[in-house]
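What follows is a set of notes on a single structure, which appears directly below.
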Amino acid sequence: EVQLVQSGAQVKKTGESLRISCKGSGYNFTNFLISWVRQMPGKGLEWMGRIDPSDSFTRYRTSSQGHVTISVDKSATTAYLVWNSLKDSDNGIYYCARHRDGIRFDPWGQGTLVIV
Amino acid sequence: QSALTQPASVSGSPGQSITISCTGTSSDVGAYDYVSWYQHHPGKAPKIIIYDVTQRPSGVSDRFSASKSDNRASLTISGLQAEDEADYYCCSYVRGVTWVFGGGTKVTVL
């Protein structure tokens with residue numbers, strides 16, 4: 001079964017750093033892009049950026065560029081979303097999702113709640 | 001990268017049909033046949049219900065159907081059931097291997 005399992009909820013202070021993870025299993029991890037999608041409190045889904053695990057090439061939403069970093073550890077079949085300095089506006093639920101055919105998001109991780 | 005436009009809420013009685021619209025631009029919805037739809041029950045992982053504008057993944061009820069015309073996509077839920085009450089998001093591929101979501105539509109079963 002293809003699964004993405006995310007790390008648990010985090011409570012941090014503004015200015016602190018944070019790394020959340022998304023571990024893939026049940027498939028060849030390097031064959032599929034992974035995206036991160038956020039949901040701010042009371043708001044809709046917003047695509048943040050994606051990574052190609054085969055070569056770590058990334059693309060970001062303009063507003064995410066420079067504030068977060070997406071990375072992977074191929075040996076651990078895990079993708080990461082990293083903040084160097086959290087802001088109040090980073091509160092929300094963060095989902096990772098695999099791009100099944102390079103396009104559609106399927107499946108999704110269970111989400112990681114970030115409280116700043 | 002502005003969000004696609006969806007109605008904030010749509011409601012219907014059990015058994016009825018409802019349609020959710022998703023309006024984009026000639027750079028996203030109108031440019032590619034890569035519109036997908038996701039069902040999201042709060043507290044759970046979103047679930048894909050439509051991809052490539054009209055395709056239903058295995059295991060998704062045939063009560064869900066979708067279409068696209070120019071810059072506007074639509075999702076129809078037929079035979080509305082209580083379990084369909086959720087948030088629904090459209091999503092379009094955008095040039096440069098990036099994506100944009102709609103603002104989401106809350107479906108209420110009366």
Selection count where residues are at pLDDT below 95, closer than 18 Å to residue B:47 by Cβ and more than 10 Å from chain B (Cβ to nearest Cβ), scope the range A:24-57: 0
Conditions (1) touching a residue at least 12 places away in the same chain (Cβ under 8 Å); (2) of a type in the set (S, T, N, Q); (3) out of contact with any Lys or Arg (no Cβ under 6 Å at 6 or more places or on another chain); number of the one not met by residue B:61: (1)
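Matching residues to (1) within 13 Å of another protein chain (Cβ to nearest Cβ); (2) within 21 Å of residue B:9 (Cβ to Cβ):
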residue: B:33; (1), (2): yes, no
residue: B:48; (1), (2): yes, no
residue: B:63; (1), (2): no, yes
residue: B:68; (1), (2): no, no
residue: B:73; (1), (2): no, yes
residue: B:103; (1), (2): yes, yes
Qualifying positions in the range B:65-110 - under 12 Å from the mean Cα position of the chain (by Cα), open to solvent by 10 Å² or more (accessible area, probe 1.4 Å) and closer than 30 Å to residue A:52 by Cβ: B:66, B:68, B:87, B:103, B:104
So residue A:63, is it surrounded by fewer than 19 Cβ atoms within 10 Å (Cβ to Cβ), among the polar types (S, T, N, Q) and either closer than 16 Å to residue A:13 by Cα or touching a Leu at 6+ places or on another chain (Cβ under 6 Å) (or both): no
The range A:66-94, residues that are surrounded by fewer than 14 Cβ atoms within 10 Å (Cβ to Cβ) and in a helix (DSSP H, G or I): A:74, A:75, A:76, A:88, A:89
Total residues in the range A:95-110, condition facing chain B (nearest Cβ under 9 Å) and crowded, with 22+ Cβ neighbours inside 10 Å: 6
Within the range A:1-56, considering residues that are closer than 20 Å to residue B:99 by Cβ and among the basic types (Lys, Arg), the one most open to solvent (accessible area, probe 1.4 Å): A:43
Lone unmet requirement of (1) among the β-branched types (Val, Ile, Thr); (2) within 11 Å of another protein chain (Cβ to nearest Cβ); (3) under 14 Å from residue A:112 (Cβ atoms) for residue A:68: (2)
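The values are calculated or read from the model by the stated rules, or taken from the named source; none is laboratory data. In this text the structure is predicted, and so the values were computed from the model without any measurement. Neighbour counts run over all protein chains shown; Cβ positions are idealised from the backbone, glycine included. The protein model used for the area step is the full one, side chains on, heavy atoms only, and it has no ligands, DNA or RNA in it. Shrake-Rupley method; radii C 1.70, N 1.55, O 1.52, S 1.80 Å.
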